[in-house]
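Student: Let me begin by handing over the structure; questions about it come next.
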Amino acid sequence: VGVADSMTDPLRYLQQNTVDTAAMLLDFGRVRCQRLVVASSMSIYGAGGIRVREDAPVIPASVYGLSKYDQERLCLMWGDQHKVPTTALRLFNVFGPRQALSNPYTGVLANFAKALLRDEAPTIYEDGLQTRDFIYVADVADAIVAAATTDLPLSGAYNVCTGQPTTIVRAAQVLARGLGRDIAPNITGQTRPGDIRHCTGDPTKFHEALGWRTHWTFEDGMLSYTEWLRAHVPTE
């Protein structure tokens, strides 16, 4: 998600993540709901850090992060009030097939892929050594299913991540290699408001609660992602 750009369109994020979630919960009050799982975000941690745990300070650095925390808290409060087990999954940097390249807010890998498929160099801000916790979409799907189908009274917030940091420059290089492009990224050295230096999560709490763990390495996930890109996304 383009969290660094969220100040350019703050009402969009607040409407979709805060107001629309509140409206959804009003509708839920009229039906029987046995369990609620909400897709939260690592962006609520703001500056982040290495192996961030769920009890880390919540200091969003963007309107997007603030709106995702609104969404998470609204759902958890509603679940507590209505005695419905509610789980907020704080997703880290999700990637994989069917990720829309036409949407500029879908993530850094989608933006890199769009450039490489045009035979252009991906743009990297700062020095490229900032790190992210990239998690393959199939592992995220497994986490959501696990939270939604458990018989345990699972409530609260849980990180969904790998716990492994990957530099942005390495991500661009692996993606270029998978797409068969011998194109080095353009490292600008510039910073953007709202960008964070490092954010890697700690998945221990969710693993201990449900036994969930990731099965895809970054390399295997990227191989699957680039195979899908080459088969389904036309070059420009």
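Student: I'm trying to understand the selection: among the residues of segment 168-183, which are over 22 Å from His215 (Cβ atoms), open to solvent by 20 Å² or more (accessible area, probe 1.4 Å) and under 21 Å from the mean Cα position of the chain (by Cα)?
Tutor: Correct list: Val169, Gln173.
Student: Here is a follow-up. Tally up the residues in segment 36-49 that are open to solvent by 30 Å² or more (accessible area, probe 1.4 Å) and of a type in the set (A, V, I, L, M), please.
Tutor: So the answer is 3.
Student: I've got another one for you. Looking for something open to solvent by 50 Å² or more (accessible area, probe 1.4 Å), at pLDDT 95 or above and closer than 30 Å to Val31 by Cα - is there at least one such residue anywhere in segment 153-167?
Tutor: Yes - at least one qualifying residue is present in segment 153-167.
Student: To continue, here is another question. Cβ-Cβ under 7 Å, sequence separation 6+ or interchain: first residue in segment 47-71 and under 20 Å from Thr86 (Cβ atoms) and among the aliphatic types (A, V, I, L, M), partner open to solvent by 20 Å² or more (accessible area, probe 1.4 Å) and assigned to a helix (DSSP H, G or I). Which pairs?
Tutor: Val58/Tyr69
Student: Looking only at segment 184-201, filter to residues that are in a loop (DSSP other than H, G, I, E, B) and crowded, with 18+ Cβ neighbours inside 10 Å; which one of those is modelled with the highest pLDDT?
Tutor: Of everything passing the filter in segment 184-201, Pro185 is modelled with the highest pLDDT.
Student: I've got another one for you. Return only the number of the condition from (1) in contact with a strand residue (DSSP E or B) (Cβ under 6 Å, 6 or more places away or on another chain); (2) of a type in the set (Ser, Thr, Tyr); (3) open to solvent by less than 60 Å² (accessible area, probe 1.4 Å) that Tyr136 does not satisfy.
Tutor: (1)
Student: Every residue in segment 50-95 that is open to solvent by less than 20 Å² (accessible area, probe 1.4 Å), in a strand (DSSP E or B) and out of contact with any Cys (no Cβ under 6 Å at 6 or more places or on another chain), please.
Tutor: Residues satisfying the conditions are Val52, Thr87, Ala88, Leu89, Arg90, Phe95.
The values are calculated or read from the model by the stated rules, or taken from the named source; none is laboratory data. Just so we're clear, the structure is a prediction, and the values are computed from it rather than from any experiment. Don't worry about glycine lacking a Cβ; one is built from the backbone with ideal geometry, like all the others, and counts go over all protein chains shown. When the accessible area is computed, the model is the full protein with side chains, heavy atoms only, and any ligands, DNA or RNA have been set aside. Shrake-Rupley method; radii C 1.70, N 1.55, O 1.52, S 1.80 Å.
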